[in-house]
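Notes follow the structure.
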Amino acid sequence: MQKKKLNLKEYAVWIMLVVLIAVFSLAVPNFATTGNMVTILRQVANIGILSVGMTFVLISGGIDLSIGNQMGLVGVISAMLMVQFGMSPILACLVGLVVGVIIGLINGLLITYTQMPPLIMTLGMSYAARGLAYIITGGYPVYGLPESMKWLGQGYLFAVVPVCVLVMVIVIALGAFIMNKTYIGRQFYAVGSNEEAARLSGLRVQRVRVLGYVIAGFLAALSGIVLMSRVNSGQPMNGNGMEMDALIACVVGGVSVTGGEGKATGMIGGMLVMGILANGMAVAGMSEYLQMLVKGAVLVAVVAIDCVSRHQSLKSLLKK
Amino acid sequence: MEEQNILELKHISKQYTGVKALDDVSISFRRGEVHALMGENGAGKSTLIKTLSGAIRPDEGEIVFEGVSHAHMDPHQSMELGIHVIYQEFNMMPELSVAENIFMGQRIGSGKLFNKAITEERAQKILDSMHAKINAKETVKNLSVANMQLVEIAKALTRDVKVLVMDEPTAPLTDAEVETLFEIVDMLKKKGVTIIYISHRIAEVFQISDRVSVLRDGKFIKTVPTSQVDRDELIRLMVGREVSDTYPKRDFTPGDVVLELQDVSGNGVEHISFAVRSGEILGLSGLVGAGRTETMRMVFGADPMDSGIILLNGQSIHPTHPSDAVKLGIGLIPEDRKQQGLLLNLPIFTNISMATMGDISHFTVLNSRKEKEKVNHLVDTVTVKTPSIAQLVRNLSGGNQQKVVLAKWLAANCKVLIFDEPTRGIDVGARHEIYKLMNELCRQGIAIVMISSDMEEILGMSDRILVLCEGRQAGILEREEFSQETILSLASGQ
Ligand SMILES: Nc1ncnc2c1ncn2[C@@H]1O[C@H](COP(=O)(O)OP(=O)(O)OP(=O)(O)O)[C@@H](O)[C@H]1O
Ligand SMILES: [Mg+2]
């Protein structure tokens, strides 16, 4: 009989998730409550939405470091439109989403047509977005959002399901569907795996790459709007650094930073691991510095396990 | 008798998921012999070589080198012992110079610093001793494949090499270049170097090897002195059954002109004009660098064209991107499968359906049942040896990877198919299958352009042959005019 292949890469993140939940449930009294579980989901909602966009970009062989600061920029733009120009929340949010798409488009077009490294382009865009957010607000938060704007980030559906969690679930489900089940999704993998081979198979490689950044920009904007609604104000520094959390969630979930590999399901695992880790430690009363240390350690450990499992050596070790 | 054996492999086994790549293989190699290793695609040749170089560890068995037994090798140790492997896929730093590549990992001169002048001088000496016309200062990425091959050999010569392994060294070479390679092999043999030589070209094996060992499905079949077997016997040992090794005949006449080029220039070629009719195979011959690939890449929209007209079914077309060509029904099977043909870290089915995803999806949603059916059928047609279509392409043997690229374009229902070195690295049995397949495509009315450096293949399969020389059209030969001499003299510009 054939032994099923031991694929550490795919399972590592789920094993870790189970271990984490078990450890925190035993060690931290207030952790395993329904209330806390919902809190965790609410806490990961922003990162979750953001990570889907990051996954698309990573799979197509790029990276987008500007999505974190895009959240802040979109948040303040939408907030100002509502507060200072009296625009209706729906319209203001739509404008915010369009801003995200435009930023993604600029990233994508500049990267594909100048062939500059995505890391540099999006790093530049990250600073530019943050700068712009400070300039238009003068550095002050935008308060006084209409009541109806609260619903998205703080509201509940049927009094139990947080709306922001629902948004995340829909985004992830849609993202996973596109990645795994559609022609468009396949193209991302193809381009990330071997750009030239994809081109010679008749794929419009540059369009695919641009589309990745556009999706990332759109979802960054969505995430920014959700966050704005949750904190009930437009904060220019909102989202700063979240691109790294999204990146970590992706990598921990097995999405390759060199492109062509990774699954949405893995990313969900990665996001939950990071979310539970942060929440568990906070509930247990650990300091923020200690939390950073642990986050870093987890990232390195998971990637190390992944790299080792790719080589046969560990497999033969386990056999002996 | 035992004395002469420099290297013995004993009871080597290696298991991969679903595949027993090597199954109790024992072979011994003598000092100063040219020992050919033959077998079908996926027989385990490359895997065996990798255990020698230490790239992989065998599950079982031992490697006895000069009387010392090793359970496995590691790459550094293997090199120290004097074993050097030139892999099927090269192993070079394209951005560095020839000299730097040749002395990669070695310290030259007395100081701690890299001494450029001395390195280049020493590298040039080695290249000259091989009668290779290569400048040691040249950047590797600018070299032709043939010259890269020679640089790989030069790399081995910097060390005290005792066993030189070449995994399909001649696959990308033309006849003239093969001759140069054989002269070097001869020279090394005289120095007492053992050469392990893997190739699917049977004629070559008879030309240079002293003994030949055959593998089949991971098992060792036999070692025989080359002088004591004939071609048919060798094929039978490899395949395990009778296989025809002649070129299958096509018994129908070509139809109307499908693809026509009128005075096409650009991409390093000038004034190319030819026409291919439906059901016809036009062979494109010439030396490496003559512009064969360059011409067809323009037709496919992969590279820009400067001037001229391309007609498809009488209509002028202007493909500016491969996707235009694919839409028009033109397919190109590229020469370099690893760089241009395959998504190595993705499964077989993704690779095969890549050019035809539109056909198996409905409003971009893929129909995975339909895809599976289609891919399974194609995998059977071209006989890819694999436990499953979900296998990652990087885990396939070289020849089976080539079959995956072929299958991708068979899926696409093209009107014009451009085959660039279609049988590179493909074993005898499968080669015959591919020729039959090409005939079948012709019968369906497809026009085929076949670029090939294999003289037998081009003479055997083409209806007409277009010969290129240094970017210009040297002549078109009709069947009656076919001969190796005519082609060679046209190709070399005489
Ligand atoms: N890393 C791997 N994982 C799984 N299977 C593998 C791996 N490497 C090789 N194989 C399998 O082992 C078998 C032997 O492969 P190998 O590359 O040695 O063949 P080969 O004789 O060199 O063929 P070719 O003439 O096509 O180059 C093949 O069936 C291949 O699919
Ligand atoms: Mg091989």
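Data overview
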| quantity | calculated |
| --- | --- |
| Candidate set from the range B:29-54 (those that are within 14 Å of chain A (Cβ to nearest Cβ) and within 8 Å of ligand 1 (Cβ to nearest atom)); member that is most open to solvent (accessible area, probe 1.4 Å) | B:Lys50 |
| Residue tally, condition surrounded by fewer than 23 Cβ atoms within 10 Å (Cβ to Cβ) and of a type in the set (Phe, Trp, Tyr), over the range A:31-66 | 1 |
| Checklist (1) within 16 Å of ligand 1 (Cβ to nearest atom); (2) more than 14 Å from every other protein chain (Cβ to nearest Cβ); (3) among the aromatic types (Phe, Trp, Tyr) applied to B:Tyr16, failing item | (2) |
| Selection count, the range B:1-50, where residues are within 13 Å of ligand 2 (Cβ to nearest atom) and either touching a Lys or Arg at 6+ places or on another chain (Cβ under 9 Å) or polar (S, T, N, Q) (or both) | 14 |
| Residues of the range A:191-217 classified as within 8 Å of another protein chain (Cβ to nearest Cβ) and free of Cβ contacts under 8 Å to residues at least 40 places away in the same chain, total | 9 |
| Filtered residue count, the range B:323-355, keeping only those that are open to solvent by 10 Å² or more (accessible area, probe 1.4 Å), more than 7 Å from chain A (Cβ to nearest Cβ) and not in a loop (DSSP other than H, G, I, E, B) | 7 |
| Criterion: free of Cβ contacts under 8 Å to residues at least 12 places away in the same chain, over 20 Å from the mean Cα position of the chain (by Cα) and over 18 Å from B:Leu332 (Cα atoms) - qualifying residue of B:Glu470, B:Glu480 | B:Glu480 |
| Residue check, B:Glu373 in a helix (DSSP H, G or I) and open to solvent by 20 Å² or more (accessible area, probe 1.4 Å) | yes |
| Subset of the range A:75-130 that is touching a strand residue (DSSP E or B) at 6+ places or on another chain (Cβ under 9 Å) and closer than 20 Å to A:Met242 by Cβ - its residue that is surrounded by the fewest Cβ atoms within 10 Å (Cβ to Cβ) | A:Ile77 |
| In the range B:281-301, the residues that are of a type in the set (A, V, I, L, M, F, W, C) and open to solvent by 10 Å² or more (accessible area, probe 1.4 Å) | B:Leu287, B:Val288 |
| Test: B:Glu440 is within 17 Å of the chain's Cα centre (by Cα) and among the charged types (D, E, K, R) | no |
| Which numbered condition B:Met450 fails, given (1) away from ligand 1 (no atom under 16 Å from the Cβ); (2) within 14 Å of chain A (Cβ to nearest Cβ); (3) not in a helix (DSSP H, G or I) | (2) |
| Residue ID - farthest from B:Gly301 (Cα to Cα), chosen from residues in the range A:210-226 that are in contact with a Gly (Cβ under 6 Å, 6 or more places away or on another chain) and open to solvent by 10 Å² or more (accessible area, probe 1.4 Å) | A:Leu219 |
| Residue list for the range B:380-413, filter: more than 19 Å from the chain's Cα centre (by Cα) and open to solvent by less than 10 Å² (accessible area, probe 1.4 Å) | B:Ala411 |
| Single condition B:Gln315 does not satisfy, out of (1) at pLDDT 90 or above; (2) within 14 Å of another protein chain (Cβ to nearest Cβ) | (2) |
| Matching residues, the range B:74-95, being assigned to a loop (DSSP other than H, G, I, E, B) and away from ligand 1 (no atom under 16 Å from the Cβ) | B:Asp74, B:Gly82, B:Met92, B:Met93, B:Pro94, B:Glu95 |
| Matching residues in the range B:414-430 - criterion: being crowded, with 20+ Cβ neighbours inside 10 Å and either outside the structural domain of B:Arg277 (by TED's automatic domain parsing) or over 22 Å from B:Cys469 (Cα atoms) (or both) | B:Cys414, B:Val416, B:Leu417, B:Thr423, B:Gly425, B:Ile426, B:Asp427, B:Val428, B:Ala430 |
| Every residue from the range B:359-370 that is more than 7 Å from chain A (Cβ to nearest Cβ) and either under 20 Å from the mean Cα position of the chain (by Cα) or open to solvent by 10 Å² or more (accessible area, probe 1.4 Å) (or both) | B:Asp359, B:His362, B:Phe363, B:Asn367, B:Ser368, B:Arg369, B:Lys370 |
| Test result for B:Glu177, within 16 Å of ligand 2 (Cβ to nearest atom) and assigned by TED's automatic domain parsing to the domain that holds B:Val98 | no |
| Test: residue in the range B:55-63 that is closer than 25 Å to B:Gly425 by Cα, more than 9 Å from ligand 1 (Cβ to nearest atom), away from every other protein chain (no Cβ under 12 Å) and at pLDDT 90 or above | no |
| First in the range B:222-243 and under 12 Å from B:Val428 (Cβ atoms), second anywhere and open to solvent by 40 Å² or more (accessible area, probe 1.4 Å) and assigned to a helix (DSSP H, G or I), Cβ under 7 Å, 6 or more apart | B:Glu242/B:Arg236 |
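The values are calculated or read from the model by the stated rules, or taken from the named source; none is laboratory data. Bear in mind that the values here come from a model prediction, so they are computed numbers and not experimental data. Cβ sites come from the backbone with ideal geometry, for glycine too, and all protein chains shown count toward neighbours. To get the accessible areas, we keep the full protein, side chains included, count just its heavy atoms, and leave off ligands, DNA and RNA. Shrake-Rupley method; radii C 1.70, N 1.55, O 1.52, S 1.80 Å.
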